[in-house]
Number of protein chains: 2
Amino acid sequence: MLSKKTRYSILAMVKLAKEYNKGPVLISSISETELIPKKFLESILLELKRNGFVNSKKGKGGGYYLIKSPDQINLADMLRLFEGAIALLPCAAYKYYESCGHCKDEQTCGIRSVIKEIRDETVRMMKGFSLADIINRENDLLKNK
Amino acid sequence: MLSKKTRYSILAMVKLAKEYNKGPVLISSISETELIPKKFLESILLELKRNGFVNSKKGKGGGYYLIKSPDQINLADMLRLFEGAIALLPCAAYKYYESCGHCKDEQTCGIRSVIKEIRDETVRMMKGFSLADIINRENDLLKNK
DNA sequence: TAATAGTCTACTTAATCGATAGATTTAATA
DNA sequence: TATTAAATCTATCGATTAAGTAGACTATTA
């Protein structure tokens, strides 16, 4: 299950994607519409900024905004930031690889092998979902209602 | 990432699967070959027993053994025991459903919709991997080495 | 009945999660 | 230039969970 931090970051990013190219969005505006504790959201947005997802403008008329276009940001990127590895085991991860410290030979470990297979498919799916896809999905669901 | 508890339980179950129909296996034997702290392993096996995965025999010649055959126990079942929901969001879970408390209308929430899609595929994959599959995989990897 | 092996209760310790408070810096505008 | 609006930084906090340990107890069987 995703942490609140990750959930909040996704909610915030989708919100910013909806306001893409419409100027900066206030923290307090995101906080209110998405029901996220303001102070907590501040720290999340700051981290998103440090990692190149968003940018901000200080002072009057300031706020946060997406740097890249909504179809250039996918779920896999966002999850990795706050959750770390996508794989279920460290020995099956690429970007966050670590030995599990249990099996004698990683190359022939059956557990690792199947977990890797799951990981590969999960990453493939997550990369296939961008912020733009999520917004389109929402519009489709509204239409067919 | 899976908790140590879950990892240890998978290691222990695979071990028991390898010894299926060969009589009870000692906690200390599992602890030693799989490098799992004994006391911690005790509590894990107890929980696996309470949940119908294994059974035990006390006294001399005792130990733990699988109840069901290794091809009848899959990854999804095992993960759910110690990790809870497989879905990344509570609103996308079946067996552990909870409202997320953020969107106005769950039926048209784009985030939930894509997370559900990922969940469905993940569960499908996990159900496809049994303890027997993991052991077969290991044998295949050894053969092709 | 002695030895063996699982079971139960109760801790402990460290890390992480979720969140808040308050002071500071930056920028726009009146 | 003073005022105000925003983001930023530092620091801390309480609650929960993860990981693991200790030790007494119970059941089995040779």
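Using 0.36 nm per residue, how much length does the chain from A:N51 to A:K4 gain when fully extended, once their Cα-Cα distance is taken away? Spell out each step's value before the answer.
Numbers: separation 47, 0.36 × 47 = 16.92 nm, distance 1.83 nm.
That pair, A:N51 and A:K4, stretches by 15.1 nm at full extension.
How would you classify segment B:22-145 from its alpha-carbon gyration tensor, with a ≥ b ≥ c the square roots of the eigenvalues: rounded for a/c under 1.5, else prolate if a/b is greater than b/c, otherwise oblate?
Note, shape of segment B:22-145 comes out prolate.
May I ask you to give the average projected area over all directions of the convex hull of the Cα atoms of segment A:74-129, in nm² rounded to one decimal?
Details: hull surface 14.5 nm².
Its Cα hull, projected and averaged over all orientations, spans 3.6 nm².
In this model, which of A:K95/B:K5; A:K4/B:K5; A:K4/A:K145; A:K5/A:K68; A:K5/A:K57 are farther than 25 Å apart at the alpha-carbon?
From the list (A:K95/B:K5; A:K4/B:K5; A:K4/A:K145; A:K5/A:K68; A:K5/A:K57), the Cα-Cα distance tops 25 Å for A:K4/A:K145.
Over chain A, calculate the relative contact order: mean separation of alpha carbon pairs under 8 Å at least 6 apart, over the residue count, as a percent.
24
Per residue, how big is the convex hull around the C-alpha atoms of segment A:4-66? Give it to me in cubic angstrom, could you? Show your work: numbers first, answer last.
Values: hull volume 4.6 nm³, N = 63.
Per-residue hull volume (Cα only) is 73 Å³.
Measuring from a point 7 Å out along Cα→Cβ, what nm distances, shortest first, does B:Q107 have to its partners in the other copies?
Its label point is 5.6 nm from the equivalent points in the other copies.
With unit charges on the beta carbons (Lys and Arg positive, Asp and Glu negative) and the dipole taken about the Cα centre of chain B, which residue among B:A93, B:L75, B:S113 sits farthest to the positive side?
B:L75
Between the alpha-carbon centers of segment B:9-50 and segment B:113-131, tell me the distance in whole angstrom.
Going from one Cα centre to the other spans 27 Å.
Can you give the calculated 222 nm mean residue ellipticity of chain B, where each DSSP H run of n ≥ 4 adds -39,500 (n - 2.57) and the sum is split over every residue, rounded to the nearest 500 deg cm²/dmol?
So the helix-based figure for chain B works out to -16500 deg cm²/dmol.
To one decimal in nm, how far is B:E83 from the same spot in the other copies, if labels go 7 Å from Cα toward Cβ? Please give the shortest first.
Its label point is 1.0 nm from the equivalent points in the other copies.
I'd like to know how the protein assembly as shown sits against the 2.2 N^0.38 Å rule of thumb: what's its Cα Rg over that expected value?
Numbers: Rg = 22.4 Å, N = 290, 2.2 N^0.38 = 19.0 Å.
Relative to the rule-of-thumb radius for its length, the protein assembly as shown sits at 1.18.
Relative to the longest principal Cα axis of chain B, at what angle does helix B:4-18 sit, 0 to 90 degrees, rounded to 10?
That helix lies at roughly 50 degrees to the long axis.
Which of A:R119, A:R80, A:R50 moves the most in a Gaussian network model of chain A with Cα springs under 10 Å?
Per the Cα network of chain A with a 10 Å cutoff, A:R50 tops the list.
Every read-out reported here was derived from the displayed coordinates using simple, explicitly stated rules and does not represent laboratory data. On a predicted model such as this, the values are computed, not experimentally measured, just so you know. Counting neighbours? That spans all protein chains shown, and the Cβs are built from the backbone with ideal geometry, glycine included.
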